[in-house]
Structure formats: C-alpha cells, structure tokens
Amino acid sequence: MFELAAQELIKQGYDVLGGYMSPVHDAYNKRGLAPAHHRVAMCQLAADTSPLVMVDSWEAAQEQYQFSLHVLQHLERAVNDACCPNDTQVHCETGATGHSSERLGVGSTADTAGMAGRKDADVKQPRVRSMLLCGADMVESLTVPGVWQPDHVRSILQDHGLVCIGRIHSDVRRLMADPASVLHEFQHNIILVEDPVVNEISSTKIRSELCKGHTVRYLLPDPVIDYIQKEHLYC
Ligand SMILES: Nc1ncnc2c1ncn2[C@@H]1O[C@H](COP(=O)(O)OP(=O)(O)OP(=O)(O)O)[C@@H](O)[C@H]1O
Ligand SMILES: NC(=O)c1ccc[n+]([C@@H]2O[C@H](COP(=O)(O)O)[C@@H](O)[C@H]2O)c1
C-alpha cells in the first residue's frame, strides 16, 4: 500500500517524507486482533527493511481509543515538530496542478505517514501534511451513517486528504460521482490508486489461516511469521 501510494504521490509532484503504520488501540475491540503491543512489534518487524515505512505507537499507547482524525493530527504535529521548529515553517497552499513545494506524510490507520527531511534553520520549511492511506472499503465506510463522525470525515478530507488503494468489491469512483456525497465535494483531495496486481489479501483471512495452522508464508514478512509463532498468536 505504502509503495503504491508513494509512487503515485511522487508522480503527481508531491514530496513524500514517509509512511507510518499506526496500530489501532486495544479499546477498538475488533474481533481477532492481538494485543496492541504485539501489533506494534509486528509492524516494527515488517517496517524494519523499508526505507519508506515507519511505525507510530502513539495511538496504541493512549489511555483510550483514538479517532483516526486525531491520529492524523498527532502525526502531523509530531512530524512538523521534528522536521523544523515553528519559526522555520511556512504553510504552502496546494495548487491545482503543482504540489512540488508541499511535503507530505502518508498515514495508514492499519492498524499510517512519514518524515525525513532536512532541517535548515536558515531556510523557511514548508509544513508537512499528513494524509490518510487506506483501502477502498474504508473510504466506502466514510459514507456509512454511524461509523464516522461527519465533522471528522470533512476534516480528514479537507485538511489532510486521502490516498485510496483500490479493492475489489469496493467502488469508490461511483460514490465520488454522487453530487450529494462528501466524497464528491472533496474529490480534489482524494487520490485513487489502482493496484496493477489485484490482491485479495485481508488481515482477517490471514488470521483465520494462522488459526487453522495453515501456512501464510509469502503473505507476511518472515520475521513477522516467526514472531507470531514465538508468541503463539492467533490460535
Ligand atoms: N488487499 C488490500 N488492498 C487494498 N487495501 C487494503 C488491503 N488489505 C487491507 N487494506 C487496507 O488496509 C487498512 C487496514 O486494514 P485492516 O487491517 O483492517 O485489514 P483488512 O484486510 O481490511 O481487514 P478485514 O480482513 O477485516 O477486511 C484498511 O484501510 C484496508 O482497507
Ligand atoms: N471514527 C473514526 O475515526 C473511525 C471509524 C471507523 C474506523 N476507524 C479506523 O479505521 C481503522 C480500520 O478499522 P476496521 O479494521 O474496522 O476497518 C482503525 O484504525 C480504526 O480506528 C476510525
């Protein structure tokens, strides 16, 4: 997901600093999830060899569940504080065609955005913006009543933006074409990326295969598989 997102953003003229995986808080209570400290450790192992992807354990470490908007806000603050002190930052408006002066972090609530960046006290640095990276099923969920708070959806779309990786069974283009939809209103802030190699990988399916004792080799990085076996997760 991160590689596809970064490739598309760079093609569109963005300056991508990196991607963050942010494992969800245990209080999200999604069935089948391992405890957060194990998910943070597995994400770290998966990101270890990536020059792009990092892990942010802030969300998982909070006292209660955090909404995705607040995770994006935290990430943006943390990256900007680390990249450049306040007095060396400038806000950049994004033009319709050129984003080259904008620096981005991409966040995926996978149970995601990024940073690197030069620090030059003498030069005004553009502010980094965090974006939500997710699959098309999650973008669809933004329009399902009761799942997300409408003001959060507006802020995510307006202030941050979305990178959406296509998933079969999810038709985001159709939703975006509906003039009544918030996705239509903010379509200029939604970047759709089609995976050239369609994959139906789902974390629920992987957990289910693990539970049956079946192989998941090549679906997960080897160090993550080793960790799952060592910690006896998902069985
Ligand atoms: N194969 C995939 N293609 C595109 N996006 C994906 C894919 N798998 C996961 N994602 C996205 O990654 C994010 C985190 O997904 P999550 O960990 O909930 O896994 P999931 O596979 O969507 O879960 P489930 O098995 O419950 O559907 C979501 O935004 C989801 O849409
Ligand atoms: N209101 C919200 O901020 C909101 C609602 C639903 C899911 N999410 C996030 O989406 C991610 C994936 O959730 P699911 O695995 O349930 O699709 C999680 O990180 C979760 O926190 C956020």
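The values are calculated or read from the model by the stated rules, or taken from the named source; none is laboratory data. Since the structure is predicted, the reported quantities are computational estimates derived from the model, not experimental observations. Using ideal geometry, Cβ is built from the backbone for each residue, glycine included, and neighbour counts are taken over all protein chains shown.
Scanning the range 167-204 for residues that are within 16 Å of ligand 2 (Cβ to nearest atom), in contact with an Asp or Glu (Cβ under 6 Å, 6 or more places away or on another chain) and modelled with pLDDT of 95 or more yields a total of 0. Scanning the range 36-64 for residues that are under 15 Å from S203 (Cα atoms) and not in a helix (DSSP H, G or I) yields a count of 0.
Does R129 count as more than 22 Å from L4 (Cβ to Cβ), more than 14 Å from ligand 2 (Cβ to nearest atom) and at pLDDT 85 or above? So R129 does not fit the description; no. When every residue of the range 200-221 is checked against the conditions, none turns out to be over 19 Å from A46 (Cβ atoms) and touching a helix residue (DSSP H, G or I) at 6+ places or on another chain (Cβ under 8 Å).
In this structure, does E59 turn out to be within 16 Å of ligand 2 (Cβ to nearest atom), charged (D, E, K, R) and surrounded by 19 or more Cβ atoms within 10 Å (Cβ to Cβ)?
Working: within 16 Å of ligand 2 (Cβ to nearest atom): yes; charged (D, E, K, R): yes; surrounded by 19 or more Cβ atoms within 10 Å (Cβ to Cβ): yes.
It is true that E59 is within 16 Å of ligand 2 (Cβ to nearest atom), charged (D, E, K, R) and surrounded by 19 or more Cβ atoms within 10 Å (Cβ to Cβ).
Can you tell me which residue among K212, K205 is of a type in the set (K, R) and exposed (fewer than 11 other Cβ atoms within 10 Å of the Cβ)?
Details: K205 fails: exposed (fewer than 11 other Cβ atoms within 10 Å of the Cβ).
Residue meeting the stated conditions: K212.
Only residues that are hydroxyl-bearing (S, T, Y) and away from ligand 1 (no atom under 14 Å from the Cβ) were counted in the range 181-217, giving 2.
Tally up the residues in the range 65-79 that are of a type in the set (A, V, I, L, M, F, W, C) and in a loop (DSSP other than H, G, I, E, B), please. Even if it seems obvious, please write down each step before you answer.
Filtering the range 65-79 for residues of a type in the set (A, V, I, L, M, F, W, C) gives 67, 69, 71-72, 75, 78-79.
Filter once more, so that each one left must be in a loop (DSSP other than H, G, I, E, B): 67.
The total comes to 1.
The number of residues in the range 3-35 that are part of a loop (DSSP other than H, G, I, E, B), among the aliphatic types (A, V, I, L, M) and within 16 Å of the chain's Cα centre (by Cα) comes to 1.
Hey, does the range 135-142 have a residue that's within 18 Å of V24 (Cβ to Cβ) and not in a helix (DSSP H, G or I)?
Step one: filter the range 135-142 for residues within 18 Å of V24 (Cβ to Cβ), giving 135, 137-139, 141-142.
Imposing the further condition that a residue be not in a helix (DSSP H, G or I) reduces the set to 135, 142.
Within the range 135-142, one or more residues are within 18 Å of V24 (Cβ to Cβ) and not in a helix (DSSP H, G or I).
The set of residues from the range 11-56 being buried (at least 22 other Cβ atoms within 10 Å of the Cβ), under 17 Å from L233 (Cα atoms) and among the hydrophobic types (A, V, I, L, M, F, W, C) comprises M42, C43.
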